[in-house]
1. Among the residues of the stretch 31-39, are any surrounded by 17 or more Cβ atoms within 10 Å (Cβ to Cβ) and part of a helix (DSSP H, G or I)?
2. Going through LEU84, LEU89, LEU116, LEU109 one at a time, which residue ends up being assigned to a loop (DSSP other than H, G, I, E, B), assigned by TED's automatic domain parsing to the domain that holds ALA48 and either in contact with an Asp or Glu (Cβ under 9 Å, 6 or more places away or on another chain) or modelled with pLDDT of 75 or more (or both)?
3. How many residues does the stretch 66-80 contain that are outside any loop (DSSP other than H, G, I, E, B) and either over 18 Å from the mean Cα position of the chain (by Cα) or among the aromatic types (Phe, Trp, Tyr) (or both)?
4. Sort through TYR292, TYR260 and tell me the only one that's over 17 Å from GLN172 (Cα atoms), of a type in the set (Ser, Thr, Tyr) and touching a residue at least 40 places away in the same chain (Cβ under 8 Å).
5. Quick one: in the stretch 166-192, of everything that is in a helix (DSSP H, G or I) and β-branched (Val, Ile, Thr), which residue is modelled with the highest pLDDT?
6. Condition check: surrounded by 17 or more Cβ atoms within 10 Å (Cβ to Cβ) and modelled with pLDDT under 90. Does THR253 satisfy that?
7. Among the residues of the stretch 231-287, which ones are of a type in the set (S, T, N, Q), more than 25 Å from TRP350 (Cβ to Cβ) and part of a strand (DSSP E or B)?
8. Report, ordered by the first and then the second residue, all pairs with beta carbons closer than 8 Å, sequence separation of six or more or different chains, a first member in the stretch 134-153 that is within 26 Å of GLU105 (Cβ to Cβ) and modelled with pLDDT of 85 or more, and a second member that is assigned to a loop (DSSP other than H, G, I, E, B) and of a type in the set (Asp, Glu).
Amino acid sequence: MENKITFTNISEANVDSFSEKISELCAMLSGKRHAPDYWHWRYLSGPAGRGNLTIAIRNNMVVGKYGLSCLHLTVKGKTVTAGLMEGLLISSNERFWQCYRGLVENYNLQKQGADLAFSFGIAHSRVIELHKRLGVIDLGRVPIYLGFIDITKVLEGFRVPYPLSLLGRAGQAIIGLRTSKKKAHNLSICHIRSFDSSFDELWDNISKRCTVSVTRDAQYLNWRYAKSPSGEYKFLAAYNNERLEGVVVFCVTGCHNGSYILELFAREDNICVMRELLLEVVRELKTKKIGYITASFPTSSNAASALRSLRFKPWGTRIWSTHMIISSRSKTSFLPESDLSNWYFSLGDWLAF
């Protein structure tokens, strides 16, 4: 039947044929249209190997998708290859069990043929039960932090009319971010365009403190951010006497005058360096009339402490929250910890690339 839903996997042979239709689905549901070469970059050219993208098709239109990106992870000091379950989108006319099940079942078939230590991902609380029915483990809620640079701009982003938007000025003094004009004298912070070998040494210093984490070496950072065709990321690096001390990656969302902190880490987990990097980001975004920043780091991490010191607030409810999930255990000997507190993560790990 012509209107029967079918499922197919994206490969080198067909990626060019489906790229535009996949981008149309994303534009319709998320408001963001990706360039034609985006899907090849995201799933077929990663440094940890080719991933997989399963799409649902009805009447010659792409009506759903679910992806698996391969990433190197540092697990108890060793490097393993894991899968990131991400990119689930289903057209509003197809949001029933058949489409969701078909996407996940096709995804699972592809995953079985991959040499992965495990697969992990992020899911909203509203679909956690659906994931559990398919054997996925819920590790718990992931903290999301919001920081308000200019609440008036936030209200304007949500189209609150003037002069009502000016009420944001009253809230800014109460819940707005703390900023400081004084800079640390021993740090030099500057923009960079790519990540050189010094970032390998920096990550080697940091990874010793991580039980489970995406491997944030130069190869990954360059692929994930510097070479991404999806948009404009900004990188700030902190130096002390020409030695790299830390880095922050951020971007503007293009929605409601918002922005994201995607990466933030520093040598020896130095909270002062991270705080200075955050302050520099706030100063820059303020000139661009950005209203707020979203970030995500483990609650017990120094990165989260740096956020809280500037008055970032945790966000989320029992009804609407974000959870980390892991697939059933694989046959390999490298297993992730089931305790979410052992993970080091950031918004850049799973946010739509």
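The values are calculated or read from the model by the stated rules, or taken from the named source; none is laboratory data. All of these numbers come straight from a predicted model, not from anything done at the bench. In this analysis, Cβ positions are derived from the backbone assuming ideal geometry, glycine residues included, and neighbour counts consider all displayed protein chains.
1. Filtering the stretch 31-39 down to residues surrounded by 17 or more Cβ atoms within 10 Å (Cβ to Cβ) leaves 34, 38-39.
Checking the rest, the ones that are also part of a helix (DSSP H, G or I) come to 38-39.
Yes, some residue in the stretch 31-39 is surrounded by 17 or more Cβ atoms within 10 Å (Cβ to Cβ) and part of a helix (DSSP H, G or I).
2. On the way: LEU84 fails: assigned to a loop (DSSP other than H, G, I, E, B); LEU89 fails: assigned to a loop (DSSP other than H, G, I, E, B); LEU109 fails: assigned to a loop (DSSP other than H, G, I, E, B).
So the residue among LEU84, LEU89, LEU116, LEU109 that is assigned to a loop (DSSP other than H, G, I, E, B), assigned by TED's automatic domain parsing to the domain that holds ALA48 and either in contact with an Asp or Glu (Cβ under 9 Å, 6 or more places away or on another chain) or modelled with pLDDT of 75 or more (or both) is LEU116.
3. Taking the stretch 66-80 as the starting set, the residues that turn out to be outside any loop (DSSP other than H, G, I, E, B) are 66-75, 78-80.
Going one step further and asking which of them are either over 18 Å from the mean Cα position of the chain (by Cα) or among the aromatic types (Phe, Trp, Tyr) (or both), we end up with 66, 75, 78-80.
Here the count works out to 5.
4. On the way: TYR292 fails: over 17 Å from GLN172 (Cα atoms).
Just one listed residue meets the conditions, TYR260.
5. Result: ILE175.
6. Numbers: surrounded by 17 or more Cβ atoms within 10 Å (Cβ to Cβ): yes; modelled with pLDDT under 90: yes.
When the stated conditions are applied, THR253 passes them.
7. To start, the set of residues in the stretch 231-287 that are of a type in the set (S, T, N, Q) comprises 240-241, 253, 257, 259, 270, 287.
Next cut, more than 25 Å from TRP350 (Cβ to Cβ) only: 240-241, 270, 287.
ASN240 - this is the single residue of the stretch 231-287 that is of a type in the set (S, T, N, Q), more than 25 Å from TRP350 (Cβ to Cβ) and part of a strand (DSSP E or B).
8. If the second residue must be assigned to a loop (DSSP other than H, G, I, E, B) and of a type in the set (Asp, Glu), the pairs left are LEU139/ASP339.
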